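Undergrad: Can you keep this structure in mind? I'll have questions shortly.
The values are calculated or read from the model by the stated rules, or taken from the named source; none is laboratory data. None of these values were measured; they are calculated from a predicted model. Ideal geometry is used to build each Cβ from the backbone, glycine not excepted, and the neighbour counts take in all protein chains shown. For accessibility, only protein heavy atoms count, side chains too; no ligands or nucleic acids. Shrake-Rupley method; radii C 1.70, N 1.55, O 1.52, S 1.80 Å.
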Amino acid sequence: MKFRSILFALVVCALLCSPAALWALERSNRIDIPSWLSTEDAAYLSGGRTNADVAAVASTQGFLSGKLQQALEDEIGNYIPAKATALLTNAKLQYGAISASNLFFNWKCLPTFYGSTLAAVPSEHRLVDLAQVATDDLLASAEATAASLSNFCEQHPDINLTVYLGPDSQNVDGSPTGSLMSNPLSYDDIEDIMKKQQGTFKWVSGAVSYDEFLQNWYNTDHHWNIRGAFQAYQRIATALGFGDKLLVPTSELVFDEPIFLGSFARRGLNADYSDAIIDYVFEEFPDFSVKINGEKAPARSLAHEKDYREDTWNENAYANRYAEYFHTDYASITLTNKDEDAAGELLIVGDSYSNCMERFLASHYKKTYVLDPRHTSRTLDSFLASHENVKDVVFIMRSTNLLSQATRDFIEGSKQ
């Protein structure tokens, strides 16, 4: 009995001390800790580490207010060994229980765990966002964005403004989660609101069938793949007058490695499905000089094909491959087409949906600028005032960002 008590006490002490041990090991840089054991995988799955400034609240007042205890709890929580494994295992158990209950209901899609905002669609080997509900606030946001775009065009009749809304699993026609909801917000709902303002700005429909969606969007990520992006490019470029000069890919480049567990896999704590990064190859493609946030950058910053061919990527299975292969979100990008015959200037106002296809549209212009309203302090007015040669402006976004206050502030010139 005494031996078992001692053994139990030792195990409890080891568990209690393990966060401190992991904290010390990670800071020593002397031992290569597997990502599943370290804080790395857990940070990806949790969306990052909790910023716990213990020193700032290490006082009597901090203790009495409870802020010190909360900071300590957050800091210790950051360093629980194998936290990612625990998160995935717990979600797996919950999904198993949900799947078992579904034997009685036979629903096509299931939450990835209790309380998850993501669903698995086993028949399609896919993870999806829950459809948005068409609330009064969301519809009002769409109407406000449409009004902002229209007002801008009336104030700038010399600017050719084009808007392209990229569908996603929240609003695509045939959404498996939308069919289970009483009032989902569909792509058509947003399009109808935007079309009421047509005549001031040009609306280019991004609507796709559900079969197209299955082929042109990632299974575990909210982004479109290169097929969906290229389809959007073709529609936008045609609307801009380049229909007879469209790029034509010669082949498709598929990287089976590294494994791509997208944002849905991370947020949904589900590693049952995965994706491969794909890109297009062109026989002739313009050479660009590139600036990112005003600093010179190599042209391969737009698509890291060479790195992937050389097996250079983040070893963590939960790394953001979409941003890693194409590029992450920047406040501003400038692409200068080195082709002597290139002419005209374009401004792309985009979110991460535009990251993989800015180079396609840039092939038709001498200069292409890219601004992300979420990251830039500039407004549309201020940018155009200092770039008088820009006559074409194209918005390329998913609904979450197109209908946001940040985008309206960017359009209306009210950014602080």
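Undergrad: In segment 315-370, how many residues are part of a loop (DSSP other than H, G, I, E, B) and polar (S, T, N, Q)?
TA: Summing the residues that are part of a loop (DSSP other than H, G, I, E, B) and polar (S, T, N, Q) in segment 315-370 gives 5.
Undergrad: Here is a follow-up. Residue under question is P157, and the condition is that it be without any contact (Cβ under 8 Å) to a residue 12 or more places away in the chain and not in a helix (DSSP H, G or I); does it hold?
TA: yes
Undergrad: Right, another one. Looking at segment 329-348, can you tell me whether even one residue there is among the aliphatic types (A, V, I, L, M) and within 30 Å of D272 (Cα to Cα)?
TA: Checked against the condition, which is being among the aliphatic types (A, V, I, L, M) and within 30 Å of D272 (Cα to Cα), segment 329-348 yields no hits at all.
Undergrad: Considering each residue of segment 160-184, count those that are under 22 Å from V349 (Cβ atoms) and either under 21 Å from the mean Cα position of the chain (by Cα) or not in a strand (DSSP E or B) (or both), and give that number.
TA: Counting residues in segment 160-184 that are under 22 Å from V349 (Cβ atoms) and either under 21 Å from the mean Cα position of the chain (by Cα) or not in a strand (DSSP E or B) (or both) gives 8.
Undergrad: Then there's this: Any idea which of (1) open to solvent by 50 Å² or more (accessible area, probe 1.4 Å); (2) assigned to a loop (DSSP other than H, G, I, E, B) is the one D244 doesn't satisfy?
TA: So the condition that D244 fails would be (2).
Undergrad: When only residues in segment 279-294 that are in contact with a Phe, Trp or Tyr (Cβ under 7 Å, 6 or more places away or on another chain) and within 21 Å of A229 (Cβ to Cβ) count, which is surrounded by the fewest Cβ atoms within 10 Å (Cβ to Cβ)?
TA: Filtering segment 279-294 for residues that are in contact with a Phe, Trp or Tyr (Cβ under 7 Å, 6 or more places away or on another chain) and within 21 Å of A229 (Cβ to Cβ), the one surrounded by the fewest Cβ atoms within 10 Å (Cβ to Cβ) comes out as I292.
Undergrad: Sticking with this structure for a sec: Return the residue satisfying two criteria in turn: it lies in segment 99-115 and is aromatic (F, W, Y) and closer than 25 Å to R266 by Cβ, and of such residues it is modelled with the lowest pLDDT.
TA: W107
Undergrad: Kindly provide the set of residues from segment 307-318 that are of a type outside the set (A, V, I, L, M) and either open to solvent by less than 60 Å² (accessible area, probe 1.4 Å) or over 17 Å from I259 (Cα atoms) (or both), ordered by number.
TA: Correct list: D307, Y308, W313, N314, N316, Y318.
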